[in-house]
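Quick notes on the structure that follows.
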Amino acid sequence: MKGKEWVERNLPFVLVGFIIIALVAVIRSFRLPETERQITIGCVLVGSKADMGWNGSHYNGLLHACQLHSGILKVKENVKEDAVDLFAAVKELVSQGANVVFLTSYGYGEHVNNIAQQYPDVVFFSISGKGTEKNCTTYFARMYQMRYLAGIIAGTESRTGVLGYIAPMPNSEINRNINAYAMGMRVSNPEAKLLVYYTGGWDNERAEREGVARLQEAGADVIAYQEDKPYAVREAEQRGLFSIGFDNVYEQYSDRFLTATMYDWDLIYEKVLGDYLSGRLLLSDGYWLGMEEHAVKMYKMSPLVSEKANYLAASAKQRVAKRGVFSGAIYDNQGMLRCRDGERIGDYELFTGMDWFVEGVEIYE
């Protein structure tokens with residue numbers, strides 16, 4: 001009887017004790033996902049991580065994000081944009097423990113679906129805008145916004161009214177940047193034309209330097225480019241031409257280097273990787289960050305850039321923030337109306353379907 005009375009009298013205290021023990025056990029076993037294991041991030045580069053160009057920018061940005069989030073970075077360099085080389089690179093990264101893989105060159109997008117199917121437990125990030133599998137997504141930045149502003153600068157400073165653009169090949173990414181640059185050029189110089197010279201690859205010093213020479217012969221006095229390394233700027237410097245840089249600036253040039261259109265890969269990778277690790281990432285959405293998020297920016301202006309050019313670019317930046325670049329009446333270089341007054345070209349077409357050029361663009365033959 002006494003035992004029963006003791007139980008009835010002390011039962012609440014016993015239950016409280018059990019609850020406390022259970023809570024302690026739960027708390028001691030609880031860990032945030034990122035501290036349960038150190039995540040391994042894979043990165044595939046089409047060139048060298050030390051190239052002081054496109055590949056170096058991606059490597060340094062991703063390394064910054066990995067250090068910030070205590071991740072291990074594994075890198076495969078000089079991987080061609082073909083299925084055999086890319087599959088081999090991804091296979092090695094996965095064997096090294098990569099849980100997420102960044103494909104940092106446009107051509108990899110042709111194979112991302114097949115790779116994602118083969119590795120369903122790995123998340124793939126591709127800058128191509130391609131990939132429909134549930135474990136892959138897109139990440140990139142709106143460089144065309146800065147190209148538009150740079151076109152205004154270049155169009156203002158050109159003395160011949162002919163601008164040159166060194167490009168690897170036509171695709172949606174390159175086409176929208178060329179178009180934005182040409183549209184900016186026409187803001188400040190309505191009769192100007194943009195000559196585009198294709199080199200056939202992302203890194204071809206001989207072809208890029210030869211392209212600058214050919215464009216100069218055709219009258220171009222301002223050179224822009226979209227290759228992995230700044231060979232075009234170096235050649236323009238030697239020839240006394242104005243130039244516009246791209247992606248990042250690792251070298252010191254003369255005042256004829258007017259400015260550069262730049263990505264902030266530190267910010268981009270910090271955002272994307274941080275969202276993935278915290279569980280905020282929605283693979284179906286993807287990322288296309290712009291100047292509003294400070295993912296793209298302009299390099300400092302040369303002293304040779306006029307007050308007029310600076311004023312026009314500053315005014316245009318406000319318009320871009322409100323209406324975007326590709327809005328209002330836009331004609332292509334064949335005279336076809338591509339966008340009407342009051343309309344705006346949508347992100348899907350800009351990212352994947354821009355296979356035409358605006359008026360003022362001519363392909364150098």
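The values are calculated or read from the model by the stated rules, or taken from the named source; none is laboratory data. Everything numeric here is computed off the predicted structure, so don't read it as measured data. Virtual Cβ from ideal backbone geometry, glycine too; neighbours counted across all protein chains shown.
Overview of values
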quantity	calculated
Positions within the range 214-223 being over 18 Å from F257 (Cβ atoms) and assigned to a helix (DSSP H, G or I), in sequence order	R214, E217
Check on T199, under 30 Å from H111 (Cα atoms) and either aliphatic (A, V, I, L, M) or modelled with pLDDT under 95 (or both)	no
Any hit, the range 109-124, residues being hydrophobic (A, V, I, L, M, F, W, C) and closer than 30 Å to A232 by Cα	no
Filter result for L277 (more than 15 Å from the chain's Cα centre (by Cα), over 26 Å from V162 (Cβ atoms) and assigned to a loop (DSSP other than H, G, I, E, B))	no
Filter result for L273 (at pLDDT below 95, closer than 30 Å to G200 by Cα, touching a helix residue (DSSP H, G or I) at 6+ places or on another chain (Cβ under 6 Å) and surrounded by 15 or more Cβ atoms within 10 Å (Cβ to Cβ))	no
Residues being part of a loop (DSSP other than H, G, I, E, B) and crowded, with 19+ Cβ neighbours inside 10 Å - total across the range 224-263	8
A295 vs. criteria under 19 Å from L103 (Cβ atoms), among the small types (G, A, S) and modelled with pLDDT of 95 or more	yes
Positions within the range 182-228 being touching a Gly at 6+ places or on another chain (Cβ under 8 Å) and of a type in the set (S, T, N, Q), in sequence order	S188, N189, T199, Q216
K297 vs. criteria assigned to a strand (DSSP E or B) and either surrounded by 14 or more Cβ atoms within 10 Å (Cβ to Cβ) or aromatic (F, W, Y) (or both)	yes
Residue in the range 274-287 that is touching a residue at least 24 places away in the same chain (Cβ under 8 Å) and under 30 Å from E251 (Cα atoms) present	yes
Residue in the range 295-318 that is under 19 Å from the mean Cα position of the chain (by Cα) and among the basic types (K, R) present	yes
Count of the range 43-82 residues which are hydrophobic (A, V, I, L, M, F, W, C), over 19 Å from W202 (Cα atoms) and free of Cβ contacts under 8 Å to residues at least 12 places away in the same chain	1
Filter result for Y148 (under 12 Å from the mean Cα position of the chain (by Cα) and of a type outside the set (G, A, S))	no
Residue match in the range 193-212 (condition: more than 30 Å from L283 (Cα to Cα), surrounded by 24 or more Cβ atoms within 10 Å (Cβ to Cβ), of a type outside the set (S, T, N, Q) and out of contact with any strand residue (DSSP E or B) (no Cβ under 6 Å at 6 or more places or on another chain))	no
